[in-house]
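Visitor: Right, I'll just put the structure down here and ask away after.
The values are calculated or read from the model by the stated rules, or taken from the named source; none is laboratory data. Remember, it's a predicted structure, so these values are computed and weren't measured experimentally. We place every Cβ from the backbone using ideal geometry, glycine too, and count neighbours over all the protein chains shown. Quick note on the areas: whole protein, heavy atoms, side chains included, nothing else; ligands and nucleic acids left out. Shrake-Rupley method; radii C 1.70, N 1.55, O 1.52, S 1.80 Å.
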Amino acid sequence: MRKLDLYNQFKQEQYKTDIEALRWRIWAVKADNEQDREDYNKIAERDENEAMGIFKAQNAILPDYKGKLNEQTVDLLEKYLDKKDEYHTLLEVAK
């Protein structure tokens, strides 16, 4: 497997996991009670830690490697950024 392919696989898994974490964060903001918010935030934390683990694994296997993102990875990056914007907008409205 080429470094570029491996790099894109790592990035795709990282973005998928980050997107899932943001979904849980959004559900926490929308939750009706404190217990649900806490539960959703715990799940989000777990997913965020998993994404960080993927990032650290990528850096351990491919130190200082910066490859070009393929189309599939770019699509996931855009979804991640959209979800992140949605989350921050919800936080502003919730204040």
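Visitor: How large a share of the accessible area of the stretch 28-76, in percent, is made up of carbon and sulfur atoms when the probe is 1.4 Å and the other protein chains stay in place?
Guide: 48 percent
Visitor: Check cross-link reach from LYS11 to the lysines: straight Cα distance under 29 Å, and skip same-chain residues fewer than eight apart.
Guide: Partners within reach: LYS3, LYS30, LYS42, LYS56, LYS66, LYS68, LYS79, LYS83, LYS84.
Visitor: Choose one answer from LYS66, LYS30, LYS11: the residue with the largest mean-square fluctuation in a GNM of the chain with alpha-carbon springs under 10 Å.
Guide: Checking each option, the largest mean-square fluctuation is seen for LYS66.
Visitor: Right, next: Please work out the average accessible area per residue across the stretch 14-95, using the 1.4 Å probe convention, and give it in Å².
Guide: I get 69 Å² per residue for the stretch 14-95.
Visitor: Quick one: Cα convex hull volume of the chain, Å³ per residue?
Guide: Convex hull of Cα atoms, per residue: 91 Å³.
Visitor: Which chymotrypsin sites (Phe, Trp or Tyr not before Pro) in the stretch 13-95 pass both tests, a DSSP loop state and at most 16 other beta-carbon atoms within 10 Å?
Guide: Here the chymotrypsin sites (Phe, Trp or Tyr not before Pro) that fit, given the DSSP loop and packing criteria, are TYR65.
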